[in-house]
1. Any chance you could run the full-extension gain for ALA31 through SER11? It's 0.36 nm times the residue separation minus the Cα-Cα distance, nm to one decimal.
2. Each residue of segment 43-55 in turn: what ³J(HN,Hα) in whole Hz from Karplus with 6.51, -1.76, 1.60 and θ = phi - 60°, glycine and Pro shown as x?
3. Taking 0.36 nm per intervening residue step and subtracting the Cα-Cα distance, what contour gain separates VAL20 from ILE51 on full extension?
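Each value in this text was obtained by applying a stated rule to the coordinates, not by laboratory testing. Given the structure is predicted, the values throughout are model-derived calculations rather than measurements.
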Amino acid sequence: MGNTYTTELPSANRIFKSSVFTMLYSDPKEALQLYNAVNGTEYKDPELLEINTLEYPICIRS
């Protein structure tokens, strides 16, 4: 019977990760670049964006 190895991953600091993401993408120009990259679009005017930030998002785990 072979050895079984398990690797525990460190838990993520979700508060830190969330605040860094919010800080980076609260700038409409940066948010538009991210949107275009994810969606394959080429929107140009960041003033047309409306940024909505959830202060306490809900996470449902199954």
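1. Additional length available on full extension: 4.5 nm.
2. Computed from phi, the couplings for segment 43-55 are 5, 10, 9, x, 5, 7, 7, 10, 9, 10, 10, 7, 6 Hz.
3. Details: separation 31, 0.36 × 31 = 11.16 nm, distance 1.55 nm.
Result for the pair: 9.6 nm of gain on full extension.
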